[in-house]
Amino acid sequence: DEIVYLHWPAWYRTPRAQTVALGGVFFFVFSAYTTIQFYSKTTYGSQLAADSVSAVYIAFTLTCLFSAGVTNKIGCRRSMLIGALGYAALVLASLIYFLYVGELWARRLVVLGGLILGCGASILWTAQGRLILQYAAKAEELGSTYKNETGKLMGLFWAIFQCSSLVGGAITSAYYNRKPEGSIPLYVLFLGFIITGAVFTQFLLPPSMLSTANNNEEQQDVELTSESTTLMAHDGAAAVKEEALSSDKTTPTEDLSHQSWLEEAQGSLSIFGTRKMAPLLLLFFYTGFNQPYQQASFGNRFFTKRSIGAELIIFHLWEIIAAIVCGRFLDKDKGRMAIASRRTRATACLGAFVIVNGLGNLLAWIQENSALQNGGEAMAHDISEFSVILPSLSFAAWGFADAQIQVYCYWIMGSLYQSGQEHSRAVGAYKCVQSAGTALGFYLIPPSRLSYMSQLACSSLVFVISSLLALVQLPP
């Protein structure tokens with residue numbers, strides 16, 4: 001850390017640059033994983049795909065109860081390294097599976113890889129959440145250059161993260177159109193992406209090392225003035241700087257917890273019942289519960305196979321746009337909304353989310369109702385047909401709304417909790433409940449368990465109730 005502090009350029013030690021670097025880590029990891037998950041049925045077959053995805057979300061949900069303690073005890077960067085390597089476990093298991101197709105132990109190895117990935121994912125996402133909230137807190141602490149930053153930085157991160165879906169989808173759509181099955185060369189490429197992301201976690205800086213670009217420029221001006229006065233003075237200043245770093249170890253290091261593992265576990269569990277967290281839990285649940293219906297039940301039925309790739313691009317493009325727009329709105333410090341309180345901006349954001357997501361659900365209901373009138377058979381629309389507009393608008397609205405609420409969730413946690421250890425516990429609770437929602441959503445996908453119209457109705461009911469409950473817990 002001291003070497004990085006002394007030798008990396010000043011611009012790299014700003015909160016915004018570190019957010020971009022953090023987004024880069026997730027870009028590499030999820031360029032691989034998002035595609036693996038989407039094409040899992042094609043790669044592994046329906047049964048093994050279902051087993052491995054279930055293993056991922058079961059492990060993710062359960063270990064999120066303890067991931068905050070791991071992050072608080074060993075630090076964000078070590079946690080992110082371990083978490084990213086967890087994603088590599090599934091890729092390695094898949095490579096072995098391709099070599100021994102049909103072997104029972106190879107199939108079980110893929111499921112084991114999913115379990116390891118789920119454990120790693122909980123640690124990776126908890127550490128990411130704590131780090132992004134601490135970067136924002138540090139930015140606001142620095143003063144004049146940064147005022148409100150949580151929404152902007154989270155929006156920037158989310159936009160970069162969503163680019164992984166575009167790149168990963170572009171790589172593999174070309175591949176799977178030519179050869180509709182997984183292969184060793186493709187998964188070696190995925191493994192390289194994930195390892196690259198894991199390595200990049202070690203170039204992230206702890207928040208205590210960050211400063212504004214203006215402060216860095218002022219420091220450089222002082223050093224240049226000192227150098228022009230006398231070389232001896234410059235050398236003395238450098239020596240003092242190095243000595244200060246050696247004597248003050250709090251500057252370049254992370255804020256680690258000194259509590260026992262048991263105390264950390266108790267802290268992680270107790271946050272679920274607090275007045276701050278309880279009203280938000282159903283909203284967190286909905287952020288995971290919504291997408292299995294949207295992308296699997298709806299998308300795979302109302303779009304042709306040729307069109308679904310283009311529709312997913314539309315979905316993620318609107319995610320990118322909404323992340324930036326929503327983040328800037330929540331931190332608005334200019335114009336008419338600058339005088340509005342954080343509570344007013346929060347209410348407006350939730351209101352916009354209700355309108356946009358509600359529009360997507362309404363358009364989906366029109367499609368589902370048409371399918372019922374057609375004997376329950378959905379009409380798959382092709383990207384070349386005029387009729388594709390309505391279901392495409394649903395996808396666009398859902399993509400925009402998803403980014404809105406994801407950015408809002410991080411923003412509200414940053415408003416309600418102050419310390420890094422509290423951030424870890426809040427994000428751990430958020431990811432735990434979100435993963436449980438995703439797992440339940442996937443479980444309900446088969447129409448033998450719940451009809452498609454009932455899936456939409458359940459999703460809409462959770463959406464409405466969770467939005468109303470979120471109004472109970474607005475920022476101070």
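What follows draws every value from the coordinates through simple rules; no lab data is involved. Just so it is clear, the structure is predicted and the values come from calculations on it, not from any experiment. Cβ coordinates were reconstructed from backbone atoms using ideal geometry, including for glycine residues, and neighbour counts include every protein chain displayed.
Modelled spin-label separation between Thr347 and Glu140, with each label point placed 7 Å from Cα along the Cα-to-Cβ direction: 2.0 nm.
Residues whose amide H falls under 5 Å from that of Phe303, counting only those 5 or more places apart or on a different chain, are His381, with hydrogens built in the peptide plane. Annotation: extensible slack from Glu377 through Gln202 equals 57.9 nm (criterion: 0.36 nm per residue apart, minus Cα-Cα distance). Full extension of the chain between Arg306 and Glu385 gives 27.2 nm of extra length, using 0.36 nm per residue less the Cα-Cα distance.
Local charge for Phe303 was computed over the other residues whose Cβ lies under 9 Å away, with Lys and Arg +1 and Asp and Glu -1, and equals +1.
If R0 is taken as 30 Å, the Cβ-Cβ distance between Ile58 and Arg275 corresponds to a FRET efficiency of 0.50. Which of rounded, prolate or oblate describes region 373-476 when judged by the alpha-carbon gyration tensor and an a/c cut-off of 1.5? Prolate. A Förster radius of 35 Å, combined with the Cβ-Cβ distance separating Ser260 from Leu112, puts the computed FRET efficiency at roughly 0.70.
For region 324-448, what does the relative contact order come out to in percent, with C-alpha contacts under 8 Å and a separation of six or more?
So the answer I get is 27 percent.
Measuring against 25 Å, Cα to Cα, the residue pairs Lys138/Lys332; Lys138/Lys276; Lys305/Lys431; Lys152/Lys276 contain Lys305/Lys431 as the ones spanning a longer distance.
Dividing the Cα radius of gyration of region 381-426 by 2.2 N^0.38 Å, with N the residue count, gives 1.90.
Within the shell of other residues whose beta carbon sits under 11 angstrom from the beta carbon of Met379, the net charge comes to -2, with Lys and Arg scored +1 and Asp and Glu -1.
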